[in-house]
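Inspection log for the structure reproduced underneath, given as structure tokens.
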Amino acid sequence: MDHFFQEFSGYHGTLVKPYYWLYQNQGCSKCPYHIKTGEESRVTYGEFYETFGFPYGPTMPENKQLIFYEIKDFSGAVLQRGQVTNCVSANIHAESILFEEQGYLDTFLYHHDYYIGYITLYSNYTPCNEYAHYCISKMDNFIAKYPQIRLDIYFSQLYHTEASYPTALWNREALRSLAGHWPRVTLNPLSNGIWKNVLYTFVKEVPETTMYQPILPARSSTDSHNAYMIQVITGIKPYFVDVPPQPKPIIINQRQERPKANYNPNPQPQTNSYQYPPYFAPGMQLVPLPGPVSHAQNEVTSKPKNIVRHLKMPMDKYDDVDLGTFLPNAKKINEVVITEKVVKEKDKENVGNRKKRRKNGP
């Protein structure tokens with residue numbers, strides 16, 4: 001098997017020269033060692049932010065491509081860790097260097113393929129299939145050559161998939177073809193806990209606060225958008241997504257008595273510097289701080305107040321009421337008034353005599 005690379009021992013790992021004609025030059029700061037293994041693969045925190053856009057959001061340096069990789073056996077134990085960078089002077093992408101036929105990775109698996117089961121990539125960009133690169137085509141050939149290996153790809157940003165790029169159609173179709181190897185191949189956005197794993201494994205000089213603080217909203221929003229877009233492009237939902245849940249809105253019970261606001265009688269003057277609002281992690285319980293105790297509160301009694309409200313009294317029963325104002329479907333009814341006539345005593349006697357004559361006859 002011919003070799004297109006040269007391997008040299010570094011301080012804490014291996015330096016790999018992928019092509020014999022690459023040499024150190026000012027056009028590419030990484031030349032000629034674009035593949036590094038072991039501790040040599042670690043990068044500084046500043047370089048990690050510049051390429052991956054963590055933790056403040058994407059920076060989109062299209063001329064800088066960086067891939068961290070892990071080679072694992074079938075039990076999940078890591079056999080080798082490394083990094084691959086692109087060559088700016090020769091215009092070669094990182095995926096094209098890593099998956100080159102008879103290259104470093106191909107040679108490593110050729111001698112150890114009987115117990116290698118997993119390869120994991122952490123890349124700042126998704127692979128492309130543009131002219132003169134054909135990164136995804138090389139990855140397809142690699143997958144066909146080693147059918148027992150599973151490939152998991154994590155990315156920080158989509159590469160030339162927007163409609164504004166003339167090569168967007170090629171890249172979208174190539175990503176759809178690569179995702180078609182599921183479940184052997186997965187395309188997943190870097191998110192939440194996966195970021196911490198990459199920081200711990202491949203980045204040096206990481207601030208301690210970064211390892212414990214939650215993912216910033218700008219970075220988390222981009223990760224969620226990447227998960228949505230890769231599903232739209234490939235038609236397959238990402239297999240590994242660890243996006244932090246959105247905090248639920250606080251529902252205030254109207255029946256509960258709301259706490260009184262603490263009024264500061266001596267407010268401090270405002271400064272010219274803008275103060276950012278505090279960021280609370282999802283699920284964090286907010287404990288209200290005890291307010292200043294005022295002596296005037298002891299003088300306030302809880303004696304109830306007599307409140308007089310002027311109510312509209314009911315109408316008199318003899319007042320005329322328009323039922324149309326109360327009953328919309330009410331109909332008017334003809335009223336019949338029956339009056340009683342006062343009968344005099346003389347009239348009563350005449351009526352009584354008439355009744356007797358009728359009984360006695362003529």
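The values are calculated or read from the model by the stated rules, or taken from the named source; none is laboratory data. Computed from a prediction, not measured in an experiment: that's the story for all the values here. Here the Cβ positions follow ideal geometry from the backbone for every residue, glycine too, while neighbour counts run over all protein chains shown. Accessible surface is based on the protein model in full, side chains and every heavy atom, while ligands, DNA and RNA are left aside. Shrake-Rupley method; radii C 1.70, N 1.55, O 1.52, S 1.80 Å.
Which ³J(HN,Hα) values, rounded to whole Hz and listed in residue order, are derived for segment 10-22 from phi using the Karplus coefficients 6.51, -1.76 and 1.60 in 6.51 cos²θ - 1.76 cosθ + 1.60 with θ = phi - 60°, glycine and proline given as x?
Values, residue by residue: x, 5, 10, x, 10, 10, 10, 9, x, 10, 5, 8, 7 Hz.
Using just the Cα positions, wrap segment 88-223 in a convex hull and report its mean projected area in square nanometres, one decimal place.
Result: 10.2 nm².
Which sequence of H133, H111, H12 reflects their accessible areas, 1.4 Å probe, from the largest down?
Working: H133 15, H111 105, H12 130 Å².
Largest to smallest exposure gives the sequence H12, H111, H133.
With a point put 7 Å past each Cα toward its Cβ, work out how far F74 is from A163 in nm, to one decimal.
4.8 nm
Per residue of segment 172-181, in order, report the coupling 6.51 cos²θ - 1.76 cosθ + 1.60 (Karplus, θ = phi - 60°) as ³J(HN,Hα) in whole Hz, putting x for Gly and Pro.
Running phi through 6.51 cos²θ - 1.76 cosθ + 1.60 with θ = phi - 60° gives 5, 5, 5, 5, 5, 5, 5, 5, x, 7 Hz.
With every protein chain present, what is the per residue accessible area of segment 14-83 (1.4 Å probe, Å²)?
Accessible area per residue, segment 14-83: 46 Å².
How compact is segment 29-160 by the rule of thumb for globular proteins, expressed as Cα Rg over 2.2 N^0.38 Å? Provide the component values of the computation, followed by the final result.
Numbers: Rg = 14.4 Å, N = 132, 2.2 N^0.38 = 14.1 Å.
This ratio for segment 29-160 stands at 1.02.
Using the structure shown, select from K36/K145; K17/K64; K17/K145; K17/K138 the pairs with a Cα to Cα distance greater than 21 angstrom.
From K36/K145; K17/K64; K17/K145; K17/K138, over 21 Å: K36/K145; K17/K145.
Residue by residue, what Karplus-based ³J(HN,Hα) values in Hz, rounded to whole numbers, does segment 105-122 have, using 6.51, -1.76 and 1.60 with θ = phi - 60° and x for Gly and Pro?
Whole-Hz 3J(HN,Hα) from phi for segment 105-122: 5, 4, 5, 5, 6, 5, 8, 10, 6, 6, 10, 9, x, 9, 10, 10, 10, 10.
If amide H atoms are built 1.01 Å from N in the plane of the peptide, which residues on other chains or at least 5 residues away come under 5 Å of the amide H of G10?
L15
Using a 1.4 Å probe on the protein heavy atoms only, what accessible surface does L22 show? Give it in Å² to the nearest 10.
Roughly 10 Å² of L22 is accessible to a 1.4 Å probe.
At 1.4 Å probe radius, can you tell me the per residue accessible area of segment 112-251 in Å²?
50 Å²
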